Amino acid sequence: MIKTVLVTGAARRLGRAIDQLVDPGQLVQQMLESAREAVGAKGGAAYLRSPKGDSFERITQTGQAEFPRRLPATAPLAQE
């Protein structure tokens, strides 16, 4: 229990430090580009769930492929 609390607190502090050092949008873009290159995809997109939870909104994309700006939460690519 104590170890879990320490790790959670450390992760929280690390997250805050990253927020201060790196623009979150730039970080997502870099991670997406790295993932695209790693799997050899023509393109990739990152989505965030909308506040209502009924759709996903594209926050960035990379590569040659085009991706929809919004996906319904029930879309095949958005299912868990």
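Quick check on my filter: what residues within segment 3-42 are surrounded by 11 or more Cβ atoms within 10 Å (Cβ to Cβ), of a type in the set (D, E, K, R) and either touching a Pro at 6+ places or on another chain (Cβ under 9 Å) or modelled with pLDDT of 75 or more (or both)?
GLU33, ARG36, GLU37, listed by residue number.
Tell me the residue from GLU57, GLU37 that is acidic (Asp, Glu) and closer than 22 Å to PRO76 by Cα, please.
On inspection, the qualifying residue turns out to be GLU57.
So which residues in segment 64-80 are modelled with pLDDT of 90 or more and closer than 19 Å to GLN26 by Cα, if there are any at all?
Passing the criteria: PHE67, ARG69.
The values are calculated or read from the model by the stated rules, or taken from the named source; none is laboratory data. This structure is a prediction, so every number in the text was calculated from the model and none was measured. For neighbour counting, all protein chains shown are included, and Cβ atoms are generated from backbone atoms with ideal geometry for every residue, glycine included.
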